[in-house]
Amino acid sequence: MKKIKEILFKPAFLLFVSAVLLAASTLGSAQAALTYYSENYAAEVTVSSIGVSLLENGGKVSWRDYRHQNDQWNEQKGRLLEYLKDQEGNYTIVPGREYQERLSVHNSGDIDAYVRVILYRDWQNEKGERDTTLSPELIELNLLKNQGWIEDKKASTRERTILYYTKVLPSGAETSPLSDTLKISSDIAEKVIETVSVNQSGGKKYKTITTEYLYNGYQFNLTAEVDAVQTHNAQEAIKSAWGIDVDAAEDGTLTLHQ
């Protein structure tokens, strides 16, 4: 009687973080924020005072500050999740495991400002091609509640989340964190392809079952963009810079028109 032996092979499931670029306060937004200012006010408060930085776990990873002395932007585009690199310099993420990802914004300019953050999540296959069949919701960045951040649900999509800090951010101050952890859903490891092959050795047949994870070698992208608007004439400035309607209370607290 020929004996059948099942051998289950489980190759390593590798999930990589792609190089993630971060953008800070854009010149376009800063200029637009000045659209409604009078000439007298523009002479007093200019774009030269605007600056904003993105912080990850308390460390500064990206910033853009204007330097009026030489009419240039002092900027640095950094990378998220650098602390997760292994000894070979690769990012390896274990599905289902939480990693610290505390994102916040620092006002590195000379004047008070309102700030927003735009988050993007998507996937790429091994060829570097964007794959829309894999849900961005599997990239679980845990957004915190009651921290002064509100989401523009009208403008947000599955891949893009737009958050506004409702408080005035004084010069030199830092916002409350908008997130605290990042996790790739363990659901991704359930998508597998099994192949069966029959081999013969010593007059006996052996059946080999090989399990291949469908998304082995995939990359996920997590990108954060930060920009700022001056607080003077806030409703008009925000409408011009960000294209949204808001109400500003006496204490400066913003409310979106949802």
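The values are calculated or read from the model by the stated rules, or taken from the named source; none is laboratory data. Predicted model, so just to flag it, every value in this text is computed and none were measured. FYI the Cβ positions are ideal-geometry reconstructions off the backbone, even for glycines, and counts take in every protein chain you see. Areas reflect the complete protein model, heavy atoms only, side chains present, ligands, DNA and RNA absent. Shrake-Rupley method; radii C 1.70, N 1.55, O 1.52, S 1.80 Å.
Results, tabulated for the structure shown:
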read-out: Some residue of the stretch 209-217 being of a type in the set (A, V, I, L, M), under 30 Å from Glu129 (Cα atoms) and without any contact (Cβ under 8 Å) to a residue 24 or more places away in the chain; value: yes
read-out: Single unsatisfied condition, Trp242 versus (1) over 27 Å from Ser135 (Cα atoms); (2) surrounded by fewer than 19 Cβ atoms within 10 Å (Cβ to Cβ); (3) out of contact with any strand residue (DSSP E or B) (no Cβ under 6 Å at 6 or more places or on another chain); value: (2)
read-out: Residue in the stretch 105-120 that is under 27 Å from Gln258 (Cβ atoms), within 13 Å of the chain's Cα centre (by Cα) and among the small types (Gly, Ala, Ser) present; value: no
read-out: Residue match in the stretch 82-104 (condition: of a type in the set (Gly, Ala, Ser) and closer than 21 Å to Ser176 by Cβ); value: yes
read-out: Lone qualifier among Lys153, Lys204, Lys191 - being under 16 Å from Leu119 (Cα atoms), surrounded by fewer than 14 Cβ atoms within 10 Å (Cβ to Cβ) and over 14 Å from the mean Cα position of the chain (by Cα); value: Lys153
read-out: Meets criteria (at pLDDT below 85, touching an Asp or Glu at 6+ places or on another chain (Cβ under 8 Å), not charged (D, E, K, R) and not in a loop (DSSP other than H, G, I, E, B)) for Ile193; value: yes
read-out: Among (1) aliphatic (A, V, I, L, M); (2) more than 20 Å from the chain's Cα centre (by Cα); (3) open to solvent by less than 50 Å² (accessible area, probe 1.4 Å), the one test that Leu214 misses; value: (3)
read-out: Of residues in the stretch 121-150 being at pLDDT below 95 and among the β-branched types (Val, Ile, Thr), the one most open to solvent (accessible area, probe 1.4 Å); value: Thr133
read-out: Considering residues of the stretch 167-185 that are surrounded by 13 or more Cβ atoms within 10 Å (Cβ to Cβ) and of a type in the set (Gly, Ala, Ser) only, the residue nearest to the chain's Cα centre (by Cα); value: Ser179
read-out: Cβ-Cβ under 9 Å pairs, at least 6 apart or on other chains, the stretch 113-126 side farther than 21 Å from Val229 by Cα, far side among the aromatic types (Phe, Trp, Tyr) and open to solvent by 10 Å² or more (accessible area, probe 1.4 Å); value: Trp123/Tyr215; Trp123/Tyr218; Gln124/Tyr218; Asn125/Tyr215; Asn125/Tyr218; Glu126/Tyr218
read-out: Candidate set from the stretch 87-105 (those that are open to solvent by 40 Å² or more (accessible area, probe 1.4 Å) and farther than 25 Å from Glu190 by Cα); member that is modelled with the highest pLDDT; value: Arg102
